[in-house]
Structure formats: structure tokens, C-alpha cells
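K.L.:
This is the structure I want to talk about, given as C-alpha cells.
The values are calculated or read from the model by the stated rules, or taken from the named source; none is laboratory data. Note that the structure is predicted; figures quoted are calculated from it, not measured. Note: ideal-geometry Cβ built from the backbone for every residue, glycine included; neighbour counts use all protein chains shown. These area figures cover heavy atoms from the full protein model, side chains too; ligands, DNA and RNA do not enter into them. Shrake-Rupley method; radii C 1.70, N 1.55, O 1.52, S 1.80 Å.
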Amino acid sequence: MQFEEFVGEVQNRARLGSQGAAMRAICATLETLGERLHGEEAENLGAQLPLALAAYLRLARRNETFGVQEFFERTAQREGQGIDLPDAAHHARVVIEVLQEAVSSGQIADARAQLPEEYDALFEAGSAGTMEVEAN
């Protein structure tokens with residue numbers, strides 16, 4: 001999947017008003033995912049993405065352990081002011097949905113194997129699905 005297509009899909013599915021907003025959601029999600037993955041998994045996942053997107057997986061501090069709620073909180077913080085936790089969670093689910101279409105199913109399976117079961121909903125909910133997020 002090309003860079004423009006990835007960004008366009010996220011913008012459309014998340015119903016974001018601009019490519020800039022879509023990029024903020026993509027960057028926040030990929031960097032947070034990169035933090036959660038261990039070993040070379042972020043690099044392996046990024047190898048199947050356009051370089052401009054792969055960089056966010058690779059730049060993250062890695063080998064951290066945190067739950068899906070923390071994942072959404074970090075994503076919301078990275079997206080910036082004006083993004084509440086439910087919106088950030090929706091954006092993250094959309095980014096993951098597009099990511100799953102952009103890379104091989106084997107690579108997604110490798111990444112998911114590093115994540116606890118609570119992350120399954122992130123990968124299965126999709127842009128039309130619902131997922132419980134604790135609002136703070």
C-alpha cells in the first residue's frame with residue numbers, strides 16, 4: 001500500500017477533516033505500537049510499510065509493557081489537544097485496520113503474538129466496531 005493510499009484510507013474511515021489529522025492519528029498509533037513491540041518486531045512490521053510511516057514504528061522506545069488502556073492514553077496524548085480518549089481509541093482502531101490491510105497477515109500475526117489478549121479487540125474491532133474504553 002502506498003503512503004497516500006494509507007493516509008487517505010485512515011482519513012476516510014476515521015472521518016477526519018484533513019490529511020494532517022490523519023497523519024497525527026497514524027503517527028500516534030504507530031509510535032505507541034512500536035513502543036509495545038519487542039525485539040525486531042517493529043522493524044519487521046515497518047519493512048512492509050512506506051518509509052515515511054515505518055519511521056514512526058522504528059523511532060519508538062521499545063520493550064515496554066503496558067495494557068491496551070495505556071495504549072489508548074498514549075495515543076490520545078500524542079495526537080494532541082482536543083482529542084479525547086474515545087476519539088483516540090477510534091482513530092487507533094482505524095489505523096490498525098488499515099495497517100492489517102497494508103502488511104502480510106503473517107507479519108500481523110507475529111506482532112499480535114507479542115501482545116496480551118486484551119489487545120485482540122484493537123485488532124478485531126475495525127472502524128465500524130465498538131470497544132470499551134475507560135474515560136478518565
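K.L.:
Mind checking the full-extension length gain between SER105 and ALA55? Use 0.36 nm per residue of separation minus the Cα-Cα distance, one decimal, nm. The partial results should precede the final answer.
P.N.:
On the way: separation 50, 0.36 × 50 = 18.00 nm, distance 2.06 nm.
Full-extension gain reported as 15.9 nm.
K.L.:
So how do TYR119, TYR56 rank on accessible area, 1.4 Å probe, biggest first, that is with the largest at the start? Write out the running numbers ahead of the final one.
P.N.:
Numbers: TYR119 0, TYR56 75 Å².
So, going from the largest accessible area down, we get TYR56, TYR119.
K.L.:
Ratio of alpha-carbon Rg to the 2.2 N^0.38 Å globular estimate for the chain, to two decimals, please. Please list the in-between numbers first.
P.N.:
Numbers: Rg = 13.3 Å, N = 136, 2.2 N^0.38 = 14.2 Å.
In units of the globular-protein estimate, the chain measures up at 0.93.
K.L.:
In addition: Assigning unit charges at the beta carbon (Lys, Arg +1; Asp, Glu -1) and nothing else, what dipole magnitude in debye, to the nearest 20, does the chain show about its Cα centre? Write out the running numbers ahead of the final one.
P.N.:
Values: 11 positive and 23 negative charges, 78 e Å.
It works out to roughly 380 debye.
K.L.:
Return the carbon/sulfur percentage of the accessible area of the chain, one whole number, probe 1.4 Å, all protein chains in place.
P.N.:
Details: 2920 of 6530 Å².
Roughly 45 percent, rounded to a whole number.
K.L.:
Compute, for LEU85, the solvent-accessible surface of its heavy atoms (probe 1.4 Å) with the complete set of protein chains present, and express it in square angstrom to the nearest 10.
P.N.:
20
K.L.:
Same structure, new question: May I ask you to rank LEU45, LEU51 by accessible area, largest first, using a 1.4 Å probe over the protein chains only? List each step's numbers first, then the result.
P.N.:
Values: LEU45 0, LEU51 140 Å².
Sorted descending by solvent-accessible area, the residues read LEU51, LEU45.
K.L.:
May I ask for log10 I(q)/I(0) of segment 52-109 at q = 0.17 Å⁻¹, from a Debye sum over the Cα atoms as equal point scatterers with solvent left out?
P.N.:
-0.68
K.L.:
If you roll a 1.4 Å probe over the heavy atoms of the protein chains, what accessible area per residue do you get for segment 1-69, in Å²? Before the final figure, lay out the partial values.
P.N.:
Working: 3190 Å² over 69 residues.
Solvent-accessible surface per residue comes out at 46 Å².
K.L.:
With each pseudo-label sitting 7 Å past Cα toward Cβ, what's the PHE123-GLU43 distance in nm, one decimal?
P.N.:
Between PHE123 and GLU43, the label points sit 2.2 nm apart.
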